[in-house]
Amino acid sequence: MKVLIIGGNLFIGERLSAQLLEQGHEVTILHRRDTHSLDPRIQNLQADRNDAESMKAALAEQRFDVVFDNVYDWERGTTAEQVRASALAAGPERLQRYVFMSSVAAYFTGLDHTETNPLAGDDCPDLYCRNKAQSERALFKLHQQRGLPVVTLRPPFIYGPRNPFYREAFFWDRLLLGRPIVVPGDGSRLMHFVHVQDLVTCCLRVVEEPSSVGEAFNVGNTRPVTQLELVHALAAAAGVPAKVAHVPREIIEREGGNFMADPLYFGVYFDIPPITMSIGKAVEQLHFEPTPFQDGLRQTFEWYQQSGLRQTNLDCSFEDRLIALAAA
């Protein structure tokens with residue numbers, strides 16, 4: 001097959017493109033750069049997926065059997081109209097699959113979501129959640145109107161080797177220095193995860209499974225974990241004890257704690273209201289078997305140790321201030 005990956009040069013796309021090559025497929029990635037650092041067999045297309053005319057021009061002379069739409073522009077956002085334009089530029093009538101990487105965030109908030117639960121409304125205050133939900137609705141409308149063979153995947157937090165976000169490494173950098181980890185509140189807030197390889201496996205299976213067309217799938221671990229469980233699981237993967245310091249969220253908020261950029265206190269984007277889900281549909285239809293969380297964390301820690309990315313000269317003054325204020 002001829003396969004296009006939109007946004008294929010990081011994390012998910014890197015692993016997905018490698019496995020597609022192993023299976024003998026012809027792979028192209030589309031991104032804003034004029035070259036890539038992946039396998040030289042992978043062809044490169046340059047376009048801005050947020051620009052409909054750019055996408056139309058880049059894909060005008062191309063034909064693909066499968067498209068994996070994996071990219072979201074965190075700086076500008078990626079709207080439903082921009083996603084719809086990408087699907088139309090790829091030629092809905094010619095495709096076997098259009099696989100859209102959505103998110104559990106499309107539900108906005110809540111626990112134990114199934115795929116039949118409503119997605120976030122058009123008035124949702126969170127831009128990312130709103131864009132993902134609206135994008136899914138636009139693609140399923142194209143499925144109904146023009147036969148677009150769409151499949152959407154709704155992963156939670158994605159972890160694993162080569163994670164570009166400062167998440168697992170945030171904690172290991174501190175745990176290996178023997179530092180206490182700031183835990184917001186009582187640490188009971190739930191978080192749901194999926195290993196990057198599990199997500200890639202499901203990407204490939206929805207292409208193979210005929211019944212996947214027109215469907216959405218929650219893809220994640222068997223169960224969520226609390227923030228406190230996460231810290232202890234990360235410590236166990238590193239083979240060190242976990243020291244925790246509970247800090248009320250009102251103190252974190254008052255002092256300017258940020259969940260997306262410095263001053264970070266619990267990794268990038270990790271302290272948000274819980275959104276969890278049921279994965280029964282993916283287990284049944286895609287024969288999905290999640291990687292045990294502790295096994296996945298051990299694999300990720302091995303990569304982290306070899307990556308040369310460990311930070312030892314940390315500025316933890318903000319965290320120390322939070323801990324002191326909580327103690328007082």
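I'd like the residue in region 176-195 that is within 11 Å of Leu230 (Cβ to Cβ) and of a type outside the set (Phe, Trp, Tyr) and, out of all such residues, is nearest to the chain's Cα centre (by Cα).
If we take residues in region 176-195 being within 11 Å of Leu230 (Cβ to Cβ) and of a type outside the set (Phe, Trp, Tyr), then His192 is nearest to the chain's Cα centre (by Cα).
Looking at region 181-203 only, could you name the residues that are assigned to a strand (DSSP E or B) and either over 14 Å from Val104 (Cβ atoms) or among the hydroxyl-bearing types (Ser, Thr, Tyr) (or both)? Break it down stepwise before answering.
Filtering region 181-203 for residues assigned to a strand (DSSP E or B) gives 181-184, 190-191, 193-195.
Once the filter is applied, which keeps residues that are assigned to a strand (DSSP E or B) and either over 14 Å from Val104 (Cβ atoms) or among the hydroxyl-bearing types (Ser, Thr, Tyr) (or both), region 181-203 yields Ile181, Val182, Val183, Pro184, His195.
Where residues in region 144-162 are over 21 Å from Asp65 (Cβ atoms) and basic (Lys, Arg), which of them is modelled with the highest pLDDT?
So, considering only residues that are over 21 Å from Asp65 (Cβ atoms) and basic (Lys, Arg), the one modelled with the highest pLDDT is Arg154.
Does Phe11 satisfy the condition of being touching a Pro at 6+ places or on another chain (Cβ under 6 Å) and surrounded by 15 or more Cβ atoms within 10 Å (Cβ to Cβ)?
When the stated conditions are applied, Phe11 passes them.
One residue is enough: does region 236-253 have a residue meeting the conditions modelled with pLDDT of 95 or more and within 30 Å of Gln134 (Cβ to Cβ)?
yes
Residues to consider are Asn50, Asn117; find the one that is more than 20 Å from Arg146 (Cβ to Cβ), assigned to a loop (DSSP other than H, G, I, E, B), at pLDDT below 95 and out of contact with any Gly (no Cβ under 6 Å at 6 or more places or on another chain).
Going through Asn50, Asn117 in turn, just one is more than 20 Å from Arg146 (Cβ to Cβ), assigned to a loop (DSSP other than H, G, I, E, B), at pLDDT below 95 and out of contact with any Gly (no Cβ under 6 Å at 6 or more places or on another chain): Asn50.
Anything in region 300-328 that is more than 13 Å from Arg174 (Cα to Cα) and among the charged types (D, E, K, R)? List them, or say none.
Answer for region 300-328, where residues must be more than 13 Å from Arg174 (Cα to Cα) and among the charged types (D, E, K, R): Glu302, Arg321.
Here is a check on your reading of the model: is Gly110 small (Gly, Ala, Ser), under 30 Å from Pro224 (Cβ atoms) and more than 20 Å from the chain's Cα centre (by Cα)?
no
The values are calculated or read from the model by the stated rules, or taken from the named source; none is laboratory data. Here the structure is a predicted model, which means the values were calculated and not measured. Cβ sites come from the backbone with ideal geometry, for glycine too, and all protein chains shown count toward neighbours.
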